[in-house]
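See structure below.
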Amino acid sequence: MGDPVIIAAAVVGAEVTRAQNPAVPYTPAEIAAAAVAAGRAGAAVVHLHARWPDGRPSQEAAHFREIIDRIRQAGSAVVVQCSTGGAVGMPLEERLGSLVPGAEMGTLNMGTMNFGDQVFVNSRPDIVEVARRLAAKGLMAECEVYDAGMVDTLRWLLAEGHLRAPYHVQFVLGVPGGLSASERNLRFLVESMSEPAHWSVAGIGRHELPMAEVALRLGGHVRVGLEDNLFIRKGVPASGSDQLVAAAAALAAAAGRSVATPAEARALLGLRPLP
Ligand code: KMH
Ligand code: ZN
């Protein structure tokens, strides 16, 4: 049996809406409840965005603080990872509002790209600045890689000392405008990294669970959740991110991988234990 698999739950994101799936959480209480349920289903990490009550994306510190407080008040020990990507079009300073006390990890988006019909801007100076801010707050970076050249940016950040181990890599595959989700592409990305690192895959849309199966086989970790995919199977909306986490946990069992607890995930990634 390989290393335990860390399942991360991306419970809300910035793009999906309740009109697409009524289970998409909006308020801090709903997002926290979705995170806690995902933890119960087997997620060791929660990837957090926030929303205003009407569903607009929010990077407000107060929203993130409330979500994290509610997660802990519910007794959940999940690793908390806050998005610094926010939504397309947000200025960088607004995006960094999410890095509040209680966060343990933050995302580090590895380049500018077409994101659907919009442009997700992450200039090299912006990437360096986010890496610096994460390090200054003692947060672990999760490098979000959407395209092949972004692995070269990761190498560059490491070579220049802008990023230091421990860090985590998330291959987000299947965004329209980024690299497509396939086993061949994932193998190429993993082989292209300049040093061994913990990595995970988030397949977008219908690729979510098939890419999880590939990652489990290749020794990687897995991200699932409504941010990336709204359906449990073709035409059937997921009842929540916890249902997608449970499906990933079942795939892990079939692949002979145990599912990491939050404490095991912290030890594997090199994060401090929860106080
Ligand atoms: N909402 C996407 C444009 C992240 O969380 O850091 C970016 C995103 C990445 O979701
Ligand atoms: Zn995100």
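The values are calculated or read from the model by the stated rules, or taken from the named source; none is laboratory data. All figures in this text were calculated on a predicted structure; none of them were measured in a lab. Reconstructed Cβ throughout: ideal geometry from the backbone, glycine too, with neighbour counts over all protein chains shown. Only protein heavy atoms, including side chains, enter the accessible area calculation; ligands, DNA and RNA are left aside. Shrake-Rupley method; radii C 1.70, N 1.55, O 1.52, S 1.80 Å.
Summary table
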quantity	calculated
Rg over Rh [alpha-carbon atoms, Kirkwood Rh] for the stretch 1-103	0.97
Check: the chain dipole with +1 on Lys, Arg Cβ and -1 on Asp, Glu Cβ, in debye	440
Backbone N within the stretch 26-50 under 19 Å of label point (7 Å from Ala62 Cα along the Cβ vector)	26-32, 49-50
Added length on full extension, which subtracts the Cα-Cα distance from 0.36 nm per residue, Arg72 to Arg132	18.9 nm
The stretch 1-96, accessible surface, carbon-and-sulfur percent (1.4 angstrom probe)	53
Spacing of the two label points (7 Å from each Cα toward its C-beta) at Glu183 and Val236, in nm	2.4
Binned Cα-Cα distances of the stretch 147-195, short to long, each 10 Å bin given as a whole percent	24, 53, 22, 1
Stretchable slack from Glu15 to Asp54, in nm (0.36 nm times residue separation minus alpha-carbon distance)	12.7 nm
DSSP-loop trypsin sites (Lys or Arg not before Pro) across the stretch 63-150, with at most 15 other Cβ within 10 angstrom	Lys137
Dipole in debye (nearest 20) - the stretch 1-116, about Cα centre, beta carbon charges: Lys, Arg +1; Asp, Glu -1	200
Pairwise label distance in nanometres, Ala159 with Asp3, each label 7 Å out on the Cα-Cβ vector	2.5
Listed residues Ala29, Gly86, Ala249: farthest to the positive end of the dipole of the chain (Cβ charges)	Ala249
Debye log10 I(q)/I(0) for the stretch 76-129, one point scatterer per Cα, at q = 0.13 Å⁻¹	-0.35
Per residue solvent-accessible surface (Å²) - the stretch 154-265, probe of 1.4 Å	43
Accessible heavy-atom area order of His63, His47, highest first, probe of 1.4 Å	His63, His47
Debye intensity ratio I(q)/I(0), log10, the stretch 118-275, q values 0.14 Å⁻¹ (C-alpha model)	-0.76
Radius of gyration and maximum dimension Dmax of the chain, Cα, Å	16.7, 46
Per residue accessible area of the stretch 1-75, 1.4 Å probe, in Å²	39
Compactness of the stretch 179-248, expressed as Rg and Dmax over alpha-carbon positions, Å	12.5, 40
Overall dimensions of the stretch 78-202 as given by Cα atoms, namely Rg and Dmax in Å	13.6, 39
Rg/Rg_globular for the stretch 140-231, with Rg_globular taken as 2.2 N^0.38 Å and Rg from C-alpha atoms	1.03
Whole-percent carbon and sulfur share, accessible surface of the stretch 135-275, 1.4 Å	56
Estimated distance in nm for a label pair at Ala29 and Ala267, the labels positioned 7 Å out from Cα along Cα-to-Cβ	3.7
Gaussian network model of the chain, springs between alpha carbon atoms under 10 Å - residue of Gly75, Gly102, Gly203 with greatest fluctuation	Gly75
